[in-house]
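Q: Shown below is the structure under consideration.
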Amino acid sequence: MQALIWLFESSMGEWQSLAPYENLSLGKEVSQVFHLIVIILNLILLLNTVLAILSETYVRYSQMSLGLYYDGVIAATPPTSTTSTTVH
């Protein structure tokens, strides 16, 4: 559990020394490379999630873009008087 917390903290920018990896049986270098790969994959997944959310929002609003534009134009135009004069 401590390893997951440490990976989360380091992916959020809380870099401490890589001292916990020094006594592992795989070796210090293999452990550090694994740690960096996990962080990079985590960042790629987060970026992919953000892009998916943005693209879904774009698809939703692109169908309404013309109507939203016209609503903005109508709201920005000043009101005109509607009094009519009749000629006899």
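Q: Identify, from the list Glu14, Glu22, the residue that is in contact with a Lys or Arg (Cβ under 6 Å, 6 or more places away or on another chain) and either among the acidic types (Asp, Glu) or modelled with pLDDT of 75 or more (or both).
A: Answer to the check: Glu22.
Q: Does the stretch 40-56 contain at least one residue that is in a helix (DSSP H, G or I) and at pLDDT below 80?
A: no
Q: Taking interchain pairs and intrachain pairs at least six residues apart, which have beta carbon atoms under 7 angstrom, with the first residue in the stretch 35-62 and surrounded by 10 or more Cβ atoms within 10 Å (Cβ to Cβ) and the second among the charged types (D, E, K, R) and part of a helix (DSSP H, G or I)?
A: none
The values are calculated or read from the model by the stated rules, or taken from the named source; none is laboratory data. Since the structure is predicted, the reported quantities are computational estimates derived from the model, not experimental observations. Neighbour counts are summed over all protein chains in view; Cβ atoms, including those assigned to glycine, are modelled from backbone coordinates with ideal geometry.
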